[in-house]
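See below for the structure under consideration.
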Amino acid sequence: MKNGFFRGHGLGNDYLVMDPKELSFTLTPAVIEAICNRHWGLGSDGILTPVSSKTADFGLRIFNPDGSEAEKSGNGLRIFARYLHATGRTKKRRFTVETKGGLVTVDLHLDRRGDASTVTVEMGQAVFAPSALPCTLPVAELLQQAIEAAGRSVVFTGVSVGNPHCVVFKQSGESWSREDLLTLGPALEHHSIFPKRTNVQLAVPTGAKELSILIWERGAGETQASGSSSCAAASAAVKLGLVTSPVAVKMPGGTLTIEVASDFSLTMKGPVAEVARGSLSPSFVRGLR
């Protein structure tokens, strides 16, 4: 379908899949921003594009709604997997996908209608070294580091799961507000110690194997759910001894289960839904610059 799209979501975190080979225009940052605009465009938390890969069954590029590129997205990978199966691009139940944040392995779980409504992704390994995010703090690992953000003193744990994350914990029994997220999220995303910006999670342990998080995504802002954020928060909580694996990570959009191995390899399992397929109107395409 010329200028076609596939829309899916993982727990309310929605992406469009658009194949550059089927588009009459180039996905520049300005074009991506226009398409993802929820008032003037189609609306989305990002755009996924299939690309060729020499090392995996499929390649994937992930674009944020501000036009910047993300290294990895757990929800995006589940949506991409559903797209590949639903559109007949693969009949495999298990395959590999190359992202800029590393190669991952995907397992599809088909429901009684034959839809890949649940997907497991082996997300790689969590790394706490500053160079992995990157972060400019001169420490061996980014565990419980104190910084100033938005006029507040906070303590964060930094972790890369193929993309950068800044996890700020409160103690069990406490809570974060949306106002906290809207204040601390952008301040931490753009903090000077993160030269490539960062994703942010405000987290609270709610049980021996449970976390609750609010999410501020780099280049996207507040989101209902995030697979990579869930992996980052779970691995940080396990590292700090706050929870044990497997971890149920609760977000506004729903819950993902994250297994954290002894070497901090991560496996994410969660639902994914197809919403729509269609094409951009010729008049909208003519207006893209």
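The values are calculated or read from the model by the stated rules, or taken from the named source; none is laboratory data. Remember, predicted model here, so these are calculated numbers, not experimental data. Using ideal geometry, Cβ is built from the backbone for each residue, glycine included, and neighbour counts are taken over all protein chains shown. All accessible areas refer to the heavy atoms of the entire protein, side chains included, with ligands and DNA or RNA removed. Shrake-Rupley method; radii C 1.70, N 1.55, O 1.52, S 1.80 Å.
Could you list all residues from region 253-289 that are within 18 Å of the chain's Cα centre (by Cα) and β-branched (Val, Ile, Thr)? Once the filter is applied, which keeps residues that are within 18 Å of the chain's Cα centre (by Cα) and β-branched (Val, Ile, Thr), region 253-289 yields Thr255, Thr257, Ile258, Val260, Thr267, Val272.
Taking region 19-28 only, how many residues are part of a loop (DSSP other than H, G, I, E, B) and either open to solvent by 40 Å² or more (accessible area, probe 1.4 Å) or touching a Leu at 6+ places or on another chain (Cβ under 7 Å) (or both)? Give the steps one after another, and end with the answer.
First, pick out the residues of region 19-28 that are part of a loop (DSSP other than H, G, I, E, B): 19, 23-28.
Remaining after also requiring either open to solvent by 40 Å² or more (accessible area, probe 1.4 Å) or touching a Leu at 6+ places or on another chain (Cβ under 7 Å) (or both): 24-26, 28.
Result for region 19-28: 4.
Does Val121 satisfy the criteria of being within 15 Å of the chain's Cα centre (by Cα) and more than 21 Å from Ala220 (Cα to Cα)? Here the answer is yes, as Val121 does meet what is asked. Residues that are under 20 Å from Ile62 (Cβ atoms) and over 14 Å from the mean Cα position of the chain (by Cα) do not occur anywhere in region 202-217. Each residue in region 201-217 was checked for being surrounded by fewer than 24 Cβ atoms within 10 Å (Cβ to Cβ) and either of a type in the set (Asp, Glu) or in a loop (DSSP other than H, G, I, E, B) (or both), and 3 of them qualify.
Name every residue in region 39-64 that is under 21 Å from Ser281 (Cα atoms), hydrophobic (A, V, I, L, M, F, W, C) and either surrounded by 15 or more Cβ atoms within 10 Å (Cβ to Cβ) or under 12 Å from the mean Cα position of the chain (by Cα) (or both), in order of residue number. Within region 39-64, Leu42, Ile47, Leu48 qualify.
Please work out if Val159 is farther than 26 Å from Lys100 by Cβ and either touching a residue at least 40 places away in the same chain (Cβ under 8 Å) or touching a helix residue (DSSP H, G or I) at 6+ places or on another chain (Cβ under 9 Å) (or both). Spelling it out, it is not the case that Val159 is farther than 26 Å from Lys100 by Cβ and either touching a residue at least 40 places away in the same chain (Cβ under 8 Å) or touching a helix residue (DSSP H, G or I) at 6+ places or on another chain (Cβ under 9 Å) (or both).
Residue by residue, here is whether (1) out of contact with any Asp or Glu (no Cβ under 9 Å at 6 or more places or on another chain); (2) at pLDDT 95 or above; (3) outside any strand (DSSP E or B); (4) open to solvent by less than 20 Å² (accessible area, probe 1.4 Å) holds:
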site	(1), (2), (3), (4)
Gly88	yes, yes, yes, no
His109	yes, yes, no, no
Val119	no, yes, no, yes
Ala146	yes, yes, no, no
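Which ones in region 218-261 are within 16 Å of Lys170 (Cα to Cα), of a type in the set (D, E, K, R) and part of a strand (DSSP E or B)? Correct list: Lys250 only. All of (1) in a loop (DSSP other than H, G, I, E, B); (2) on the phi < 0 side of the Ramachandran plot hold for Gly43 with one exception: (2). Set side by side, the residues Ser153, Ser131 differ, and just one is open to solvent by 20 Å² or more (accessible area, probe 1.4 Å) and part of a helix (DSSP H, G or I), which is Ser131.
Look through Thr223, Thr198 and report the one residue that is open to solvent by less than 50 Å² (accessible area, probe 1.4 Å), closer than 22 Å to Ser131 by Cβ and touching a strand residue (DSSP E or B) at 6+ places or on another chain (Cβ under 9 Å). Quick ask: steps written out before the conclusion?
Details: Thr223 fails: closer than 22 Å to Ser131 by Cβ.
None of the other options fit; the residue is Thr198.
Residue check, Gly67 against (1) open to solvent by 20 Å² or more (accessible area, probe 1.4 Å); (2) not hydrophobic (A, V, I, L, M, F, W, C); (3) not in a strand (DSSP E or B), all met but one. Which one? Every listed condition holds for Gly67 apart from (1). Against the list (1) outside any strand (DSSP E or B); (2) touching a residue at least 12 places away in the same chain (Cβ under 8 Å), the condition His9 fails is (1).
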